[in-house]
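Following: one structure in structure tokens, then a few remarks.
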Amino acid sequence: MSPTQWDLPVELCCRPMAFVTLTGLDVVYNAVHRAVWDAFCANRRADRVPISFKVLPGDHEYPKCRPKRTSYEWYIPKGILKTGWMNKHLNLVPALVVVFYELDWDEPQWKEKQSECATRVEIVRQSLQGRNTKVAVVLIQKKTPLPPGEDVIASERAAALCNACELSGKSLFVLPHTDHLVGYIIRLENAFYEHAQTYYYTEIRRVKSHKEFLNKTTHQLLFVRHQFKIAFFSELKQDTQNALKNYRTAYNLVHELRAHETNILEIKTMAGFINYKICRLCFQHNTPLDAIAQFRKHIDLCKKKIGSAELSFEHAAWMSKQFQAFGDLFDEAIKLGLTAIQTQNPGFYYQQAAYYAQERKQLAKSLCNHEFDLSDPEKEKVGVLAIQLKERNVAHSIITLLSNAVAQFKKYKCPRMKSHLMVQMGEEYYYAKDYTKALKLLDYVMCDYRSEGWWTLLTSILTTALKCSYLMAQLKDYITYSLELLGRASTLKDDQKSRIEKNLINVLMNESPDPEPDCDIFAVKTAQKLWADRISLAGSNIFTIGVQDFVPFVQCKAKFHAPSFHVDVPVEFDIYLKADCPHPIRFSKLCVSFNNQEYNQFCVIEEASKANEVLENPTQGKMCLVPGKTRKLLFKFVAKTEDVGKKIEITSVDLALGNETGRCVVLNWQGGGGDAASSQEALQAARSFKRRPKLPDNEVHWDSIIIQASIISRVPNISVHLRHEPPALTNEMYCLVVTVQSHEKTQIRDVKLTAGLKPGQDANLTQKTHVTLHGTELCDESYPALLTDIPVGDLHPGEQLEKMLYVRCGTVGSRMFLVYVSYLINITAEEKEIVCKCHKDETVTIETVFPFDVAVKFVSTKFEHLERVYADIPFLLMTDLLSASPWALTVVSSELQLAPSMTTVDQLESQVDNLQTGESASECFCLRCPSLGNVEGGVATGHYIISWKRTSAMENIPVIRTVITLPHVIVENIPLHVNADLPSFGRVRESLPVKYHLQNKTDFVQDVEISVEPSDAFMFSGLKQIRLRILPGTEQEMLYNFYPLMAGYQQLPSLNINLLRFPNFTNQLLRRFIPTSIFVKPQGRLMDDTSIAAA
């Protein structure tokens, strides 16, 4: 029995292909023949027909064919299938033998060559006597043949050759050796494939004909054999559907066989073969669920067929191989495009294969663990004992199977299954005494079990890892695993923990530890020598172990007393230590490290002790920890003034166990403590609904940890007051009075003031805000928004000072202003004199508003609102100034700066004075706009400039000039200007002269029709209706005498003008320019006239 006896045979696992032998080719010495052979075999693509070719000599001896049976009546088969039957039909018995012969149609010695070819064919037939193998002849020719029917000589000679060789015309082929050799070869292959198909079809018919002679009483094995042969021949014929059907039938027949101890192995082996074929074909037909169902059925039927109890390990080996083979098939199908899922992938089958391999190993260990005596031939079970003896030396493939399963579970993202199997692999490496690989695998999976809190599993893995590290005498690993097995995550009993703690102390005292239980005796002896060598060798005896990745037996947490400390107050924090080991233990040194290493020297506790005192005097000294009791250690130091505004952070805590004379282990906690289990414990505590109990002073909730503290400046003892009159007005020099008073007990020095716009606000505010200490001059853009470090001097206790700050805000809105006062003072902290820099800041939000609102409007000389003005016709510009300030304003002056396109009619003088809140002032200016043609967007009017300041402001505060841009106005040209000269009033029954001036403003002669409509209040003399012409640029005067008849405000006779060239010039437009009414006084005495005139 070989170690690979359970492996499936190669001929079962390969793809069956038609077997064709080629004779007559000298592939070694003949280049033409070599080229033909290469064309058949080299670089075969998937689209070529499935044929297996083999070159054999013409006189090759093929397997002899047994005489055909005419009856199976007395035939008793010795087994289900002969061992070499599949190999025989795959590699020994061809479906077709092809005889190659070099012969051209125009060969001069045709007769001799024909005879020689016929002889070769006859030799082949003799060697195949009794078989149905087909024979074909291929003539290798140098010339390309003519199309069929054109070469008469070739047709005649081909017929003659077929007769001589006793071949049909379909079995004779011509192969021209030309440039298109591969094309001819592919056509030949297709013809060969058809012949092979015919052969296998004949074989299937032949096997089926035997069934007629069988009966189920004595020929049960033959039913299975023949069904398997039919299925196998169908596969060779590439009829996979029929092959699958016949394999299923054969499988059912196998399980109908009567099983007993002598044939159970044969039945299982044959069932395994057929099951493999069925599953392979199901995957090939892309029906994976059928394959899985068949395999499950196969396992269910066979798992109880154990056979001899003394050889039960054989059954486990067979089961392992079944799962492994199916896993290989599944994996191969996936590589060809099948999609698998997490819950159904090859990993599960490799895992089961590994499980049965482990079971085989255990069964072999229990069944083969006795002395063998094979000398007594009378013993009934000599054969069984021989098999058991061989089983002792079997190299089990458990690790390979587990590795395959791990790869699959990793591929399909099943991390827990992967970790579980890696643990099994590590244990197998441990049993195989490959401790390095075992430790590597176990160490890898420990992280997963720690992070998920599987403490029982972790303890089991750690126990195995500790054994490995002991057997290899790996000091650091041994110490690390011992530390964790003593901790709170370990589920070991106290007596086991005590043993491990004792061993750990022995190692620290530079002594050999006691062997771990259940270790191999020979491995322990080797390990003891290694430990002795470790003790004798001088090397580094200090081991630093980072505990953030595992759970040691000591818990450590650091906690600052407050999140921030003033620089004149000592920084205080506690270190909490708690031991989980079974016995009290003494540590030698504790060091705390900070991000500023200058503080490290203040936070060190060291107790000198001998190596053998680690477990002695448990209650003496700060560094002795009693199990379950929390030790609190207080540290304090004064922070440096340079660290004001910075964070002090605990970067690590180091706790030393042992001393440098023996071995010393330094446990290193990154940050302020905590290990691999801390985060999970904190999460559980956060999720818990239980109320936390109140703890004693020296205890702490282990999930609370504060490892950072800020150093902040000393609390200032000064007062800063701001005095101002809000709101600020746009562009004014706004005064902010800052008062600083010292309340310190000693003199403060180097007092500095920083004042202005608080940083971090909108960039536009920064550009439009300017600050100065001098209010007598206006700020421009060169002034900053924030004045920094203005030296103020020194202040004695109780002394105060004032600073006036002037702010100019160019835009409206809210601004936040900052006043920051800093100073130096000498103080004493922890008997150490330090210079503290103190500071105090005040912020104030100031709203900036417009000082006044300005409204501008255009009206006619009759005070009618104008949408547009007319060229050369006077109009009025009216400004209304409304105070928006809550404080009284002094308007120094107002000024109208006209644009070049505007002219004034009279003198421009300011009429505005002081304004109280809510008051308004109006001014009126008479303007004229010359003709400018058509201007898009209107004509600029100019600027209205107001010079002002607060009434309450000091005299030296400069006046603010606010410039208001006046709106543009649309100017329209009209063809005819009309204006009237008439007195300011009339009197009843006295003549009232009125003169109308008509001026042509165009370049054309104007035809003007003029008419005057009478009024009930007037009589008049003059032209009532006239038509005249006015030359370009000239003026025409029309004189009328109106005679008032009634007193009061009377409507004048209406002047109507019609321009023939400009029909759009309407009387309604005309009435905008000339008066339509006048006040008529009643007729009176002379003294009344005198009094009225005086008035």
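The values are calculated or read from the model by the stated rules, or taken from the named source; none is laboratory data. Nothing here was measured: the structure is a model prediction, and the numbers come from that model. Neighbour counts run over all protein chains shown; Cβ positions are idealised from the backbone, glycine included. In case anyone asks, the SASA skips ligands and DNA or RNA and just uses the protein heavy atoms, side chains included. Shrake-Rupley method; radii C 1.70, N 1.55, O 1.52, S 1.80 Å.
May I ask you to say which residue of E314, E256, E261 is modelled with pLDDT under 90 and touching a Ser or Thr at 6+ places or on another chain (Cβ under 6 Å)?
None of the other options fit; the residue is E261.
List, please: which pairs have Cβ atoms under 9 Å, are six or more places apart or on different chains, and start with a residue in segment 160-180 that is within 18 Å of V135 (Cβ to Cβ) and end with one that is assigned to a loop (DSSP other than H, G, I, E, B)?
Every condition considered, the pairs that remain are L161/L103; L161/L167; C162/S168; V174/W105; V174/P145.
Whether any residue in segment 950-962 is in a loop (DSSP other than H, G, I, E, B), outside the structural domain of F858 (by the TED database) and either of a type in the set (A, V, I, L, M) or buried (at least 18 other Cβ atoms within 10 Å of the Cβ) (or both) is what I want to check. Quick ask: steps written out before the conclusion?
Narrowing segment 950-962 to residues in a loop (DSSP other than H, G, I, E, B): 951-959.
Checking the rest, the ones that are also outside the structural domain of F858 (by the TED database) come to none.
No, segment 950-962 has no match at all.
Quick test of your reading of the structure: H839 fulfils all but one of (1) open to solvent by less than 70 Å² (accessible area, probe 1.4 Å); (2) in contact (Cβ under 8 Å) with a residue 40 or more places away in the chain; (3) within 15 Å of E923 (Cβ to Cβ). Name the failing condition by number.
Every listed condition holds for H839 apart from (3).
Based on what the data block shows, is E314 surrounded by fewer than 21 Cβ atoms within 10 Å (Cβ to Cβ) and either assigned to a helix (DSSP H, G or I) or out of contact with any Pro (no Cβ under 9 Å at 6 or more places or on another chain) (or both)?
No, not satisfied.
Tell me, which residue of segment 710-737 that is β-branched (V, I, T) and under 54 Å from the mean Cα position of the chain (by Cα) is farthest from E781 (Cα to Cα)?
I711
Restricting to segment 865-890, name every residue that is assigned to a strand (DSSP E or B), without any contact (Cβ under 8 Å) to a residue 60 or more places away in the chain and within 17 Å of Q907 (Cα to Cα).
The answer is F875, L876, M878.
Among the residues of segment 784-807, count how many are small (G, A, S) and in a strand (DSSP E or B).
Within segment 784-807, residues that are small (G, A, S) and in a strand (DSSP E or B) number 1.
Against the definition (modelled with pLDDT of 90 or more and open to solvent by 30 Å² or more (accessible area, probe 1.4 Å)), how does S460 come out, yes or no?
yes
Residues in segment 760-779: is at least one polar (S, T, N, Q), surrounded by fewer than 17 Cβ atoms within 10 Å (Cβ to Cβ), in contact (Cβ under 8 Å) with a residue 60 or more places away in the chain and out of contact with any helix residue (DSSP H, G or I) (no Cβ under 8 Å at 6 or more places or on another chain)?
Yes, because at least one residue in segment 760-779 is polar (S, T, N, Q), surrounded by fewer than 17 Cβ atoms within 10 Å (Cβ to Cβ), in contact (Cβ under 8 Å) with a residue 60 or more places away in the chain and out of contact with any helix residue (DSSP H, G or I) (no Cβ under 8 Å at 6 or more places or on another chain).
Considering only segment 284-293, state which residues are surrounded by fewer than 21 Cβ atoms within 10 Å (Cβ to Cβ) and part of a helix (DSSP H, G or I).
Residues satisfying the conditions are Q284, P288, L289, D290, I292, A293.
Among the residues in segment 238-251, are any out of contact with any Asp or Glu (no Cβ under 6 Å at 6 or more places or on another chain), without any contact (Cβ under 8 Å) to a residue 60 or more places away in the chain, assigned to a helix (DSSP H, G or I) and among the hydrophobic types (A, V, I, L, M, F, W, C)?
Checking segment 238-251: at least one residue is out of contact with any Asp or Glu (no Cβ under 6 Å at 6 or more places or on another chain), without any contact (Cβ under 8 Å) to a residue 60 or more places away in the chain, assigned to a helix (DSSP H, G or I) and among the hydrophobic types (A, V, I, L, M, F, W, C).
Only one of F565, F587 is over 27 Å from S490 (Cα atoms), outside the structural domain of V445 (by the TED database) and either aliphatic (A, V, I, L, M) or in contact (Cβ under 8 Å) with a residue 24 or more places away in the chain (or both). Can you tell me which?
Going through F565, F587 in turn, the sole match is F565.
Can you pull out every residue in segment 808-825 that is part of a strand (DSSP E or B) and either open to solvent by 10 Å² or more (accessible area, probe 1.4 Å) or among the small types (G, A, S) (or both)? Let's see the steps before the verdict.
Quick first cut of segment 808-825, residues part of a strand (DSSP E or B) only: 808-809, 813-825.
Result: R808, G813, S814, M816, L818, Y820, S822, L824.
Please verify whether L485 is closer than 22 Å to Y435 by Cα and surrounded by fewer than 17 Cβ atoms within 10 Å (Cβ to Cβ), treating the condition exactly as stated.
no
Going residue by residue through segment 108-127, is there one that turns out to be in contact (Cβ under 8 Å) with a residue 60 or more places away in the chain, touching a Gly at 6+ places or on another chain (Cβ under 7 Å) and open to solvent by 80 Å² or more (accessible area, probe 1.4 Å)?
yes
Which one of the conditions (1) in a strand (DSSP E or B); (2) surrounded by fewer than 17 Cβ atoms within 10 Å (Cβ to Cβ) does T917 fail to meet, given that it meets all the rest?
With respect to (1) in a strand (DSSP E or B); (2) surrounded by fewer than 17 Cβ atoms within 10 Å (Cβ to Cβ), T917 is out only on (1).
Take the residues in segment 1046-1080 that are of a type in the set (F, W, Y) and within 20 Å of R1027 (Cβ to Cβ); name whichever of them is surrounded by the fewest Cβ atoms within 10 Å (Cβ to Cβ).
Of the residues in segment 1046-1080, the ones of a type in the set (F, W, Y) are 1049, 1062, 1065, 1073, 1079.
From what's left, within 20 Å of R1027 (Cβ to Cβ): 1062, 1065.
Numbers: F1062: 14, F1065: 19.
Step by step, filter segment 1046-1080, then rank; the result is F1062.
Going by the conditions given, is A136 at pLDDT 90 or above and not acidic (D, E)?
So A136 passes the test.
Sort out which residues of segment 610-639 are modelled with pLDDT of 85 or more and touching a helix residue (DSSP H, G or I) at 6+ places or on another chain (Cβ under 9 Å), and write them in order of number.
F635, K636, F637, V638, A639
Could you go through segment 199-214 and let me know if any residue there is modelled with pLDDT under 90, open to solvent by less than 20 Å² (accessible area, probe 1.4 Å), assigned to a helix (DSSP H, G or I) and not assigned by the TED database to the domain that holds S155.
No - not one qualifying residue is present in segment 199-214.
Can you go through M319, M270 and tell me which one is under 25 Å from I399 (Cβ atoms), modelled with pLDDT of 90 or more and assigned to a helix (DSSP H, G or I)?
Just a single option satisfies the conditions, and that option is M319.
If you scan segment 955-970, which residues turn out to be out of contact with any Ser or Thr (no Cβ under 9 Å at 6 or more places or on another chain) and in contact (Cβ under 8 Å) with a residue 12 or more places away in the chain?
Within segment 955-970, V963, I970 qualify.
Please list, ordered by first then second residue, the pairs with beta carbon atoms under 8 Å, 6 or more apart or interchain, first in segment 13-28 and under 23 Å from E235 (Cβ atoms) and in the same structural domain as F40 (by the TED database), second of a type in the set (K, R) and in a strand (DSSP E or B).
F19/K54; V20/K54; T21/K54; L22/K54
Within segment 508-609, considering only strands (runs of 3 or more DSSP E) that don't extend past its boundaries, which have at least 1 residues that are in contact with a helix residue (DSSP H, G or I) (Cβ under 6 Å, 6 or more places away or on another chain)?
Per the criteria, 542-546, 589-594.
Looking at K304, K297, can you tell me which residue is open to solvent by 50 Å² or more (accessible area, probe 1.4 Å) and not in a helix (DSSP H, G or I)?
When all the criteria are applied, what remains is K304.
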